[in-house]
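Worksheet: one structure, shown below.
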Amino acid sequence: MTVRDGMGIGIVGSGFMGRTWAAVADGLPGARVAAVAGGRRAPGLAAEFGARLHAGVPELLADPDVAVVVLASPPAAHREQAVAAARAGRHLLVEKPMAQTPDECAAMVAACSAAGVRLAVVSQQRYRTIPAAAKRLIDEGAIGRVTMVRAIGPEVGFWDTAVTRDEWKLDPRQQTAFASWGAHACDLLRWFTGAEAEVVFALFGAYAPDPPPMRSAMVTYGLTGGAMAQLWMSYDVPRPGLGSGLQFHVTGTEGMLELDAYGSLRLGRGDGWTEVARQPGFDASDPRDPVRLGAYSAQLADLLDAVAAGRDPHVTGRDGLLTTAMLHGAERSAQLGASVRLRNDSVSASW
């Protein structure tokens, strides 16, 4: 890791993820929490980490101690905040989902490119033990060419607001339930397969009176190269549940992978299965759990090293854009009751 001289991090948003990123920056060698703005908990967050409290995003962007801005605000605000940060010359790490539409993401990418600043999009699951090990096996050819993928997220209730007090997540105008979970699943799907979605058909529903609306989704994607993927997300699963909220089955021409992002990875070849890796346990509801923070720390370190080296971060704005296109396409399909064809770099130069 490159040594950095106390690079100042500005945190926009003071909810659960704002506190998470403040803890990450506070514990990362060569980084520090310089400033905080946004949200009712901003004064307490700034005091907790000894950071400067600003009245709003413009004031934070004018702070000369802020070199990198982490957007931990609701996705509906990301485009405006990211474009302003880029014009102020600040590098960016944007929480998932990157924005609400691909066009909003494209505006963010264009603004950062024009300003010559680095743009990374949060995908901490790529840095966790199980997804990273699965990606290595796929790249090594352990299961041959990937042909089919199934991802499931069967949650017993929508836990976010009870734990995090981020009530805005109940408002689909800010972030849909599918986008909240699907940002993880679709990014990993793209990463595992090395392919992009070309067509999507989705059904959304709800089987409980509690918010948020459209708490369950079944989504099918057709990918470039011919692979197929099926995603099932639900916050309507009764107890005892069906395991963790992010599980994958990846089928290849020569074998299979079964992985639980919060459990184990198994490789199936020939006549049996072999456990390859296991995720150390952590408390997903604790913003200071050191095991949980490890993946976030690795992603922030990657961005800071990318800034120092003049390279792209591991998870780029383009990644965030194409993942958002998958989420947005599923939402449109569910609204229309029909399949939707998606644009991507192989189809349209407009992105």
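The values are calculated or read from the model by the stated rules, or taken from the named source; none is laboratory data. These numbers were taken from a predicted model, which means no experiment stands behind them. For neighbour counting, all protein chains shown are included, and Cβ atoms are generated from backbone atoms with ideal geometry for every residue, glycine included. Areas reflect the complete protein model, heavy atoms only, side chains present, ligands, DNA and RNA absent. Shrake-Rupley method; radii C 1.70, N 1.55, O 1.52, S 1.80 Å.
Annotations
- Amide H partners (placed H, <5 Å) of ARG52, local residues excluded: ALA35, VAL36
- Fraction of antiparallel bridges per DSSP, the chain only, in percent to nearest 5: 60 percent
- Antiparallel content of DSSP bridges confined to the stretch 116-234, in %, to 5: 70 percent
- Taking amide H positions as modeled 1.01 Å from N, with prolines and chain starts lacking one, the residues under 5 Å from MET148 and 5 or more places away or on another chain are MET228, THR251.
- Shape summary: the stretch 169-276 maps onto an equivalent ellipsoid whose semi-axes, from the alpha-carbon gyration tensor, are 27, 18, 11 Å in decreasing order.
- Computed over the alpha carbons of the chain, Rg followed by Dmax gives 19.6, 62 Å.
- Among residues other than GLY281 with Cβ under 15 Å from its Cβ, the summed charge is -1 (Lys and Arg +1, Asp and Glu -1).
- Candidate residues ASP166, ASP171, ASP65: accessible-area rank, largest first, probe 1.4 Å: ASP65, ASP171, ASP166
- Distance between the pseudo-spin-label points of LEU242 and THR147 (7 Å out from Cα toward the beta carbon): 2.3 nm.
- Solvent-accessible area of TYR127 with every protein chain in place, 1.4 Å probe, in Å² to the nearest 10: 60 Å²
- Mean-position separation - Cα centroids, the stretch 199-263 and the stretch 29-51, in angstrom: 36 Å
- For the pair ARG136 and PHE282, label points projected 7 Å from Cα toward Cβ lie 1.8 nm apart.
- Acute angle (nearest 10 degrees) that the helix 177-193 long axis makes with the longest principal axis of the chain, alpha-carbon atoms: 70 degrees
- Sequence ranges 48-57, 17-26, ranked by mean other-Cβ count within 10 angstrom, highest first: 17-26, 48-57
- Additional length obtainable on full extension of the chain from TRP273 to ASP312, 0.36 nm per residue less Cα span: 10.3 nm
- To the nearest ten degrees, helix 78-87 and the longest principal axis of the Cα atoms of the chain are 50 degrees apart.
- Once the Cα atoms are used to define both axes, helix 102-115 deviates from the longest principal axis of the chain by about 40 degrees.
- Stokes-Einstein diffusion of the stretch 40-85 at 4 °C, 1.567 mPa s viscosity, Kirkwood radius from Cα pairs, rounded to a whole number: 112 µm²/s.
- Amide H contacts of ALA120: LEU92, LEU93, VAL94, each under 5 Å away and 5 or more positions distant or on a separate chain (H built 1.01 Å from N in the peptide plane; Pro and chain starts excluded).
- Computed over the stretch 218-270, the Cα gyration tensor eigenvalues convert (square root of 5λ each) into semi-axes of 23, 18, 7 Å, ordered from largest to smallest.
- Ranking ASP260, ASP210 by solvent-accessible area of protein heavy atoms (1.4 Å probe, all protein chains present), from largest to smallest, gives ASP210, ASP260.
- Solvent-accessible surface (1.4 angstrom probe) belonging to GLU140, in square angstrom, nearest 10: 140 Å²
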